[in-house]
1. Hey, any idea what the orientation-averaged projected area of the convex hull of segment 52-207's Cα atoms comes to, in nm²?
2. Report, in listed order, any pair from 154/193; 193/231; 43/84; 79/103; 179/252; 186/252 with a Cα-Cα distance greater than 26 Å.
3. Can you work out the FRET efficiency for the pair residue 79 and residue 215, with r the C-beta to C-beta distance and R0 = 41 Å, to the nearest 0.05?
4. Skipping prolines and chain starts, which residues have an amide H placed within reach, meaning under 5 Å, of the one on residue 131, given they are 5 or more residues away or on another chain?
Amino acid sequence: MPLIESLFNADRRIERPIESVITYGRATDAALRSEISEYYVTKHIDEALRLLLDAMQRAQQGGGSEIGIWVAGYYGSGKSSFSKYLGLALDGERKIGDEPFRKLFTARLENPATVALLNGVARNFNPHVLMVDLGSDQLAGKAGQRVSDILYNKVLQSLGYPSERKLAAFQMRLEQDGKLEEFLAKVRAAKNKEWASFMDVTMEAMPLASRLAHQIYPLDFPTDTALSAMKSDVQLTVEEQAREMIDLARRKSGRDNILFIQI
């Protein structure tokens with residue numbers, strides 16, 4: 001009798017690790033290539049994909065500015081993988097090596113009509129895609145926070161801003177005033193490393209940012225500690241958070257359409 005191993009595809013080792021849960025954070029080229037190569041698009045998934053893409057297309061053609069879609073299903077039914085691969089496929093800049101992720105995704109689709117619909121929506125919509133895993137933060141002891149606050153903070157981080165609200169607001173001001181490059185150069189001179197490498201380490205980032213704020217804006221920050229001592233108790237409304245996230249994403253990406261995908 002043949003060994004069980006001989007019955008499996010030779011390109012897919014049976015000893016390979018298999019992820020029990022698909023997450024947005026697992027996004028290296030090797031991991032994505034492995035995941036998408038084994039993604040099986042059932043008839044039901046194809047139908048659901050076409051329904052979703054049809055809704056997006058109708059919103060575009062009708063001049064609608066917003067559309068929200070809720071992907072529902074039992075645990076393990078494939079919600080995360082479905083939304084993850086769709087988001088990556090709609091992101092025109094996402095590649096694995098030299099290949100667009102969309103090409104690898106459409107290779108898993110057997111229905112030519114679905115492939116054409118996906119390509120058309122991606123081309124006409126051309127969104128900047130923000131994929132946010134809210135579940136991991138809520139499980140990490142942040143369940144007491146408003147969902148809108150967690151989403152807001154995660155989006156700021158994905159767009160390259162510090163997680164600390166005062167530092168993020170200061171960076172936004174630098175960008176708006178055309179002084180960000182000056183700030184980044186001063187950071188490199190002071191720390192011999194890039195701002196992005198430690199901007200979320202508040203105990204290290206805040207004293208330096210406060211000192212540089214005094215140098216760049218001496219009237220607004222009259223001392224080296226003025227920024228760090230400044231109160232940040234302003235609570236944005238959900239509507240203000242949404243507007244700021246969209247405006248920042250548009251400014252950062254240069255695209256009008258923003259697609260939020262979250263689990």
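Every number in this text was worked out from the coordinates using simple rules, so none of it is lab data. Every value quoted in this text rests on a predicted model; they were computed, and no experiment measured them. Cβ atoms come from the backbone with ideal geometry, glycine included; neighbour counts cover every protein chain shown.
1. 13.1
2. Those over the limit are 193/231.
3. 0.25
4. Those lying under 5 Å, H to H, from residue 131 are 261.
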